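Structure first, then comments.
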Amino acid sequence: MRLHQTKLDRFTTYAKFQEFISHLETIPTTANFVVSGGAIILEFEPVNAPLVYYYTDIDNVANKPIIAVGRDCEVTTKLTDWDQDQLELKRILSWGV
């Protein structure tokens with residue numbers, strides 16, 4: 001299965017940016033990610049590709065997201081060669097550990 005790649009940037013607040021990074025660090029097997037400046041470059045299985053990221057299923061039901069794309073940040077699926085190289089480097093380092 002091919003992994004989906006996106007870049008989240010232009011976060012509305014730095015606190016929301018930090019909160020989402022902290023959340024991603026708790027689920028390292030679900031997503032490979034790289035923080036670059038004010039952006040997060042993500043790589044994940046398409047089955048785990050919601051446009052709103054929730055902490056739990058209960059938060060999903062209550063509609064209390066960690067971030068909502070289009071509201072808390074912007075997203076693009078057109079990654080530059082540099083972005084893709086950063087993901088590749090992270091993948092190599094993660095598998096080598």
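Read the figures in this text as sums done on the coordinates, not as results from a lab. Just so it is clear, the structure is predicted and the values come from calculations on it, not from any experiment. Cβ atoms come from the backbone with ideal geometry, glycine included; neighbour counts cover every protein chain shown.
Observations, loosely collected:
- Karplus-derived HN-Hα couplings along the stretch 2-13 (A = 6.51, B = -1.76, C = 1.60, θ = phi - 60°), whole Hz, x at Gly and Pro: 7, 7, 8, 10, 9, 10, 9, 8, 6, 5, 5, 9
- The order of the peptides 69-75, 80-86 by mean Cβ neighbours within 10 Å, most packed first, is 69-75, 80-86.
- Remark: the E19-A62 segment gains 13.6 nm on full extension, using 0.36 nm per residue and subtracting the alpha carbon distance.
- Gained length - E74 relative to I92, 0.36 nm times residue gap less alpha-carbon distance: 3.8 nm
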